[in-house]
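Shown next, in structure tokens, is the structure this report addresses.
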Amino acid sequence: MDELVLFAGNSNPLLASRIADYVGKPLGCAKVTNFSDGEIQIEIQENVRGRDVYIIQSTCKPVNDNLVELLLMLDAVKRSAARRIAAVIPYFGYARQDKKVAPRVPISAKLAADMLMAAGANRVITMDLHAGQIQGFFDCPVDNLYAAPVLRDYAKRVFGATPEDIADLVIVSPDAGGVERARAFAKRLNADWAIVDKRRDMPNKAQAMAVIGNVSDKNVIILDDMADTAGTLTEAARALDEKGARSIHAFCTHPVLSGPAVDRIENSPIQTLVATDSIPLSKEALESDKIHILSIADLVGEAIIRSHRGDSVTSLFV
């Protein structure tokens with residue numbers, strides 16, 4: 001482990017600190033400053049020659065600043081003769097733009113992947129990519145971890161203490177795209193699952209149409225990979241409430257929670273939103289009694305240790 005060095009950008013210092021504690025290595029010294037016009041300046045203040053470097057940075061809001069900061073840190077350690085360089089990106093920004101949905105639009109996720117590799121990344125550790133095929137955008141190994149084990153353990157503690165509790169639990173996908181995720185999660189809990197059929201009229205706006213499955217007098221968990229404006233979650237929650245759900249909770253990996261998201265959650269039938277610390281919460285979200293955060297630091301830290309040692313990370317995907 002002496003050859004392993006951890007650095008962190010400014011996007012999520014608390015998570016980076018927790019990961020460093022799990023790995024048992026202090027965060028390396030990296031000076032991140034800005035010129036008066038906003039340009040980012042990076043200075044790596046310790047020797048990384050011939051060492052394995054892991055740079056922890058979620059490309060969350062402000063997305064472009066955090067992405068450029070990560071790119072510059074990668075370039076800095078590459079030019080400092082690091083042996084291997086891994087970008088640890090708990091939340092991968094631009095992941096929703098993974099294909100052409102109209103003429104003359106970019107595939108932004110592919111461009112972001114190309115920039116990361118050009119900057120020097122020869123391994124990527126990330127979590128719950130919006131689309132699994134984004135792994136193929138990289139010409140280097142990608143470990144796409146899942147927060148499901150962390151969320152599942154919490155669900156067992158809170159909702160699955162007895163077989164009767166499990167019998168009353170339903171895992172719900174808020175749209176057709178999340179069916180596989182909800183089904184796998186329900187299988188590991190031995191719970192039922194259902195789908196909310198959703199029609200999206202424009203970006204960041206969703207309208208729930210129908211519930212496929214029995215949720216009447218059931219404890220419901222809506223499972224999604226991210227909550228951005230929370231339109232999908234809250235519309236799904238209202239549809240489930242109308243179908244007679246006993247209690248409604250939402251689980252997601254990435255609490256983007258932009259725009260009116262927190263207000264929507266506060267004014268919805270959702271009783272709790274359980275998310276991970278892949279993205280730091282805004283002040284408004286931190287003050288909400290409905291939002292509960294679980295840490296993925298141990299999961300990411302274990303992936304870093306196994307990657308450095310050359311061990312398998314397969315068990316972390318279960």
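Bear in mind these aren't lab numbers, they're just calculated from the coordinates by the rules spelled out. Source: prediction; values computed, not measured. Heads up, the Cβs are rebuilt from the backbone with ideal geometry, glycines too, and the neighbour counts pull from every protein chain shown.
What fraction of the Cα pairs in region 38-135, stated in percent, has a spacing above 19 angstrom?
On the way: 1968 of 4753 pairs.
Cα-Cα pairs of region 38-135 separated by over 19 Å account for 41 percent.
Helix-only estimate, please: 222 nm mean residue ellipticity of the chain, summing -39500 (n - 2.57) across DSSP H runs of length 4 or more and dividing by its residues, to the nearest 500. Intermediate values should be presented prior to the final figure.
Values: 10 runs with 102 residues, N = 318.
For the chain, the value works out to -9500 deg cm²/dmol.
Let me check I've understood the local charge: for Ile305, count other residues with C-beta under 10 angstrom from its C-beta, Lys and Arg +1, Asp and Glu -1. What total comes out? Please report the intermediate quantities before stating the final value.
Working: positive: Lys25, Arg306, Arg309; negative: Glu302, Asp311.
Combined, the nearby Lys, Arg, Asp and Glu give +1.
Specify the angular offset, from 0 to 90 degrees and rounded to the nearest 10, of the alpha carbon long axis of helix 108-119 from the longest principal axis of the alpha carbons in the chain.
Rounded to the nearest ten degrees, it is 30.
Please list, in chain and number order, the residues 5+ apart from Leu294 or on another chain whose amide H is under 5 Å from its amide H, with Hs placed from the backbone.
It is Ala275, Thr276, Asp277, by chain and number.
Among the aspartates and glutamates, select those whose C-alpha is under 16 Å from the C-alpha of Lys61, and discard any that sit fewer than 8 residues away in the same chain.
Partners found: Glu69, Asp228, Asp277, Glu284.
On full extension of the chain, what length is gained from Ala118 through Tyr22, given 0.36 nm per residue of separation minus the C-alpha to C-alpha distance?
The Ala118-Tyr22 span can extend by a further 31.6 nm.
Cα to Cα, under 17 Å, and not fewer than 8 places away if on the same chain: which lysines meet these conditions relative to Lys156?
Correct list for Lys156: Lys187, Lys218.
Which ordering of Cys140, Cys60 is given by a fewest-first count of other beta-carbon atoms within 10 Å?
Working: Cys140 14, Cys60 22.
The most exposed by this proxy come first: Cys140, Cys60.
Can you sort Leu111, Leu233, Leu189 so the residue with the fewest Cβ neighbours within 10 Å comes first? Walk me through the numbers before you get to the answer.
Numbers: Leu111 13, Leu233 28, Leu189 17.
Taking fewest neighbouring Cβ atoms as first place, the list is Leu111, Leu189, Leu233.
As I understand it, the value is the acute angle between the Cα axis of helix 231-242 and the longest principal axis of the Cα atoms of the chain; what does it come to in degrees, rounded to 10?
20
Using DSSP to define loop residues, name the GluC sites (Glu not before Pro) in region 21-61 whose beta-carbon has at most 13 other beta-carbon atoms within 10 Å. Each step should come with its number before you reach the end.
Details: sites: Glu39, Glu43, Glu46; in loops: Glu39, Glu46.
Filter output for region 21-61: Glu39, Glu46.
Could you let me know the centre-to-centre spacing of region 13-46 and region 155-170, using Cα atoms, in angstrom?
Measuring centre to centre over Cα atoms gives 41 Å.
Work out, step by step, the length gained on full extension between Tyr154 and Ser258: first 0.36 nm times the residue separation, then minus their alpha carbon distance; give nm to one decimal. List each step's numbers first, then the result.
Working: separation 104, 0.36 × 104 = 37.44 nm, distance 2.49 nm.
Extra length available between Tyr154 and Ser258 comes to 35.0 nm.
Which cross-chain or sequence-distant (5 or more) residues have an amide H under 5 Å from the amide H of Met226, H modelled 1.01 Å from N in plane?
For Met226, the qualifying residues are Thr253, His254.
To the nearest 10 degrees, how steeply does helix 63-78 sit against the main Cα axis of the chain, on a 0 to 90 scale?
40
Once fully extended, how much extra length lies between Asp289 and Asp37, figured as 0.36 nm per residue of separation less the alpha-carbon to alpha-carbon distance? Don't jump to the answer; show the numbers that get you there.
Details: separation 252, 0.36 × 252 = 90.72 nm, distance 3.88 nm.
Using 0.36 nm per residue and subtracting the Cα-Cα distance, I get 86.8 nm.
Measure off 7 Å from each Cα along the Cα-to-Cβ vector at Leu281 and Glu164, then give the distance between these two points in nanometres to one decimal.
Modelled inter-label distance: 3.2 nm.
What nm value, rounded to one decimal, do you get for the distance between Glu46 and Lys187 when each label is placed 7 Å out toward the C-beta?
The answer from the label model is 4.3 nm.
For Leu111 and Leu72, what does the FRET efficiency come to when R0 = 22 Å and r is the distance between their Cβ atoms, rounded to the nearest 0.05?
Values: r = 17 Å, r/R0 = 0.77.
That gives a FRET efficiency of 0.85.
So in region 148-294, what percent of DSSP beta bridges are antiparallel if you round to the nearest 5? Could you put the intermediate results ahead of the total?
Details: 6 of 28 bridges.
Given both bridge residues lie in region 148-294, the antiparallel proportion sits at roughly 20 percent.
Which shape class applies to region 1-76: rounded if a/c is under 1.5, otherwise prolate when a/b exceeds b/c and oblate if not, where a ≥ b ≥ c are the square roots of the Cα gyration tensor eigenvalues?
Details: a/c = 2.27, a/b = 1.44, b/c = 1.58.
Cα axes put region 1-76 in the oblate bin.
If amide H atoms are built 1.01 Å from N in the plane of the peptide, which residues on other chains or at least 5 residues away come under 5 Å of the amide H of Leu145?
Thr126, Met127, Asp128
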